[in-house]
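**Student:** So that we are looking at the same thing, I have put the structure below in structure tokens.
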Amino acid sequence: MESTVDISWTALLISELFLAIPLFVLGYYRTHLVKATVISVLRMTVQLFLVGIYLGYIFKLNNPLVNVAWVMVMLGVTCQTIARRGELKLKYFLIPFVVSIVFTLAVVDFFFLGFTVRIGYLLDARYFIPITGMMLGNIMQSNVIASNSFYHNIYKNKVAFRFALASGATRHEAVFPFVGEALKKAFNPTIAQMATIGLVSLPGMMTGQILGGNDPSVAIKYQIMMMVAIFTANVISVILCIRLSGRFIFDAYGNLREEVIRN
């Protein structure tokens, strides 16, 4: 198969002029998202340009310590983003976030890279960094939705929550419906996406492999593997984070510490 057609930097920069359309819509309806959108696009462009250069060196070097260090940087950004977007104070959630995500990545990466793909070197930069990066991106999204739903619902419904505790329910029993609601909000989009892949959309990894010259049958196998890996990693990380954070965000009487919620 032919190699991917390159895109010139000039053509890429000109193509970003299409952003004028969504920016006009956002500005016209006074969403106050124009500035945030422009900043996000600029950050994305600069960050991906620098990462593209950096990853080229990482792939050539392929040093396990460097590979792990790069993933740790991504992990730090992920934890910070989950806390910020979930409107939570990071100092209460740093340990639960780090422990739950590191454990999840260790289990899922080891199984899918070691057993499914069967690469001899599990920390091979070509596989380890991109696949871990995709999982981290999805873990971040799911945890933002789940954590925001779980902690804020308890905060908003603290009377009902405290009534359940006062009626003799354990903390696990009192938070049970809030956990279920958080999981529903976090994973409904992913479940819907998996059900329509191939009919409604062609996902990014599969499309990227096909554009890169791989056979479609190989791309399909990788996409199925990644969807299973991502969904499994998301569920494990979310439930672990919720369970582990209980040691930090509830007081001795089982009440939610209100200071964990950012105003």
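**Student:** Per residue, how much accessible area does the chain show when a 1.4 Å probe rolls over the protein heavy atoms, in square angstrom? Let's see the in-between values first.
**Tutor:** Working: 16190 Å² over 263 residues.
Using a 1.4 Å probe on heavy atoms only, each residue of the chain averages 62 Å².
**Student:** Take Met74 and Glu258, extend 7 Å from each Cα along the Cα→Cβ direction, and tell me the distance between the two endpoints in nm.
**Tutor:** 4.0
**Student:** Counting Lys and Arg as +1 and Asp and Glu as -1, what is the net charge of the other residues whose Cβ lies under 13 Å from the Cβ of Ala83?
**Tutor:** Details: positive: Arg84, Arg85, Lys89, Lys91, Arg262; negative: Glu87.
That works out to +4.
**Student:** Another one. Between [x] 48; [y] 62; [z] 58, which matches percent of Cα pairs over 23 Å apart calculated for the structure shown?
**Tutor:** Computed from the coordinates, percent of Cα pairs over 23 Å apart corresponds to [y].
**Student:** Let me spell out the model: positive unit charges on the Cβ of Lys and Arg, negative unit charges on the Cβ of Asp and Glu, origin at the Cα centre of the chain. What dipole size does that give, in debye rounded to 20?
**Tutor:** Numbers: 21 positive and 12 negative charges, 175 e Å.
Once rounded to the nearest 20, the dipole reads 840 debye.
**Student:** Amide H of Phe250: which non-local residues (sequence gap of 5 or more, or other chain) have their own amide H closer than 5 Å, using H built in the peptide plane?
**Tutor:** Placed amide hydrogens put Arg257 under 5 Å from Phe250.
**Student:** While we're on this one: Where does the chain land at 222 nm, in deg cm²/dmol rounded to the nearest 500, when only DSSP H runs of n ≥ 4 count, each adding -39500 (n - 2.57), divided by all residues? Walk me through the numbers on the way to the answer.
**Tutor:** Values: 10 runs with 197 residues, N = 263.
It lands at -25500 deg cm²/dmol.
**Student:** Right, here's the next one. Round to the nearest 0.05 the FRET efficiency obtained for Val102 and Leu13 when R0 = 51 Å and r is the Cβ-Cβ distance. Mind showing how you got there, number by number?
**Tutor:** Details: r = 38 Å, r/R0 = 0.75.
Computed FRET efficiency for Val102 and Leu13 comes out at 0.85.
**Student:** Pop the C-beta distance of Phe24 and Leu122 into the FRET formula with R0 = 45 Å and round what comes out to the nearest 0.05. Provide the component values of the computation, followed by the final result.
**Tutor:** Working: r = 48 Å, r/R0 = 1.06.
It comes to 0.40.
**Student:** Listed here are the pairs Lys35/Lys156; Lys89/Lys156; Lys158/Lys184; Lys91/Lys156; which of them are more than 24 Å apart at the Cα?
**Tutor:** Details: Lys35/Lys156 31 Å; Lys89/Lys156 17 Å; Lys158/Lys184 20 Å; Lys91/Lys156 21 Å.
With Cα atoms farther than 24 Å apart: Lys35/Lys156.
**Student:** In the chain, with Lys and Arg counted as +1 and Asp and Glu as -1 at Cβ, which of these residues, Gly213, Met194, Ala169, has the Cα nearest the positive end of the dipole, that is, farthest along it?
**Tutor:** My answer, from the dipole projection, is Ala169.
**Student:** If you don't mind, there's one more thing I want to ask. Would you please put 157-163, 74-80, 52-58 in order of how densely packed they are, using the mean number of other Cβ atoms within 10 angstrom per residue and starting with the highest? Don't skip to the end; give the middle numbers.
**Tutor:** Numbers: 157-163: 14.0, 74-80: 16.9, 52-58: 12.1.
Per-residue Cβ counts within 10 Å, averaged per peptide and sorted highest first, yield 74-80, 157-163, 52-58.
The values are calculated or read from the model by the stated rules, or taken from the named source; none is laboratory data. Note that the structure is predicted; figures quoted are calculated from it, not measured. Backbone-built Cβ (ideal geometry, glycine too); neighbour counts: all protein chains shown. Accessible surface is based on the protein model in full, side chains and every heavy atom, while ligands, DNA and RNA are left aside. Shrake-Rupley method; radii C 1.70, N 1.55, O 1.52, S 1.80 Å.
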